[in-house]
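Engineer: Handing you a structure now.
Laboratory data are not the source of any read-out in this text; all were calculated from the coordinates shown. Note that the coordinates shown come from a computational prediction; the quantities given were computed from them, not determined experimentally. Cβ placement follows ideal geometry from the backbone for every residue including glycine, while neighbour counts extend to all protein chains displayed.
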Amino acid sequence: MPAPQLRDLLYKREIFQLVGLCMEIHRVLGKGYDEIIYKDALVVELTNAGIPFSREKNYEIRYKETTLPHFYYADFVLWGKILFEGKAVETLTGAHRKQVLNYLAASKLRLGLLVNFGSDSLEWKRVIL
């Protein structure tokens, strides 16, 4: 199967806009803050851009026929269709990507944006379920 073309990327325009907002946050704050600071800055940027979002939206996890007592809390859900997971680590790992895949499965969303504010340059990955 051929690789998808740029024009075929899921929510391409929205991801472009989100990455731009994250770049602005990284440009202003730099690296070194805790995750929560970058997420608070993202609230400011999302609000100023008029992007609808939910912060720390919770999703139930089901195991067989039982709903488990603990929830997954998405950092953000944007436009009701994109899951956002923010990190402030030296570098993103496969474990971070797997985490987003699990969160996508729990949320029933198709696309996640994994962003790392903790490296010298902003690091981001599209994660598709």
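Engineer: Which percentage, to the nearest 5, of the DSSP beta bridges contained in the chain is antiparallel?
Structural biologist: Bridges in the chain are about 75 percent antiparallel.
Engineer: Note down the relative contact order for segment 9-128 as a percent, whole number, built from C-alpha pairs under 8 angstrom at least six residues apart.
Structural biologist: Over segment 9-128, the number comes to 24 percent.
Engineer: Just to confirm the filter: which trypsin sites (Lys or Arg not before Pro) across segment 1-87 are DSSP coil and have at most 14 other Cβ within 10 angstrom of their Cβ?
Structural biologist: Loop-located and lightly packed - Lys64, Lys81.
Engineer: Could you list Ser107, Ser119 in order of exposure, starting from the residue whose Cβ has the fewest other Cβ atoms within 10 Å?
Structural biologist: Ser119, Ser107
Engineer: Another question about this same structure. Going 7 Å from the Cα of His70 toward and past its Cβ, which residues in segment 18-58 have a backbone nitrogen under 12 Å from where you end up?
Structural biologist: Answer for this model: none.
Engineer: Using helices alone, what [θ] at 222 nm do you get for the chain, with -39,500 (n - 2.57) per DSSP H run of 4 or more residues, divided over all residues and rounded to the nearest 500? Each step should come with its number before you reach the end.
Structural biologist: Working: 3 runs with 47 residues, N = 129.
My calculation for the chain gives -12000 deg cm²/dmol from helical runs alone.
Engineer: If you only keep lysine pairs separated by 8 or more in sequence, or across chains, how many in the chain come under 16 Å at the Cα atoms?
Structural biologist: So the count works out to 13.
Engineer: Just check segment 1-95 against the gyration tensor rule for me: Cα atoms, a ≥ b ≥ c as the square roots of the eigenvalues, rounded for a/c under 1.5, and otherwise prolate or oblate depending on whether a/b exceeds b/c.
Structural biologist: oblate
Engineer: How big is the dipole moment of the chain about its Cα centre under a simple scheme where the beta carbon of each Lys and Arg is +1, that of each Asp and Glu is -1, and everything else is neutral? Debye, nearest 20, please.
Structural biologist: Working: 18 positive and 15 negative charges, 113 e Å.
Charge dipole, the chain, about its Cα centre: 540 debye, nearest 20.
Engineer: Can you compute the modelled spin-label distance between Ser54 and Ile36, with each label point 7 Å from Cα toward Cβ, in nm?
Structural biologist: Placing both labels 7 Å beyond Cα along the Cβ direction yields 2.3 nm.
Engineer: So if I take the centroid of the Cα atoms in segment 95-129 and the same for segment 7-44, what is the distance between those two points in Å?
Structural biologist: Answer, in whole Å: 13.
Engineer: Same structure, new question: How would Val19, Val100, Val28 line up from fewest to most surrounding beta-carbon atoms within 10 angstrom?
Structural biologist: Sorted ascending by nearby Cβ count, the order is Val28, Val19, Val100.
Engineer: Helix check for the chain. Which DSSP H runs span at least 18 Å along their own axis by Cα, with a mean Kyte-Doolittle hydropathy no less than 1.6? Don't jump to the answer; show the numbers that get you there.
Structural biologist: Working: long enough: 12-29 (25 Å, 0.50); 35-49 (21 Å, 0.58); 94-107 (20 Å, -0.28).
Qualifying helices, which must be both long enough and hydrophobic enough, do not occur.
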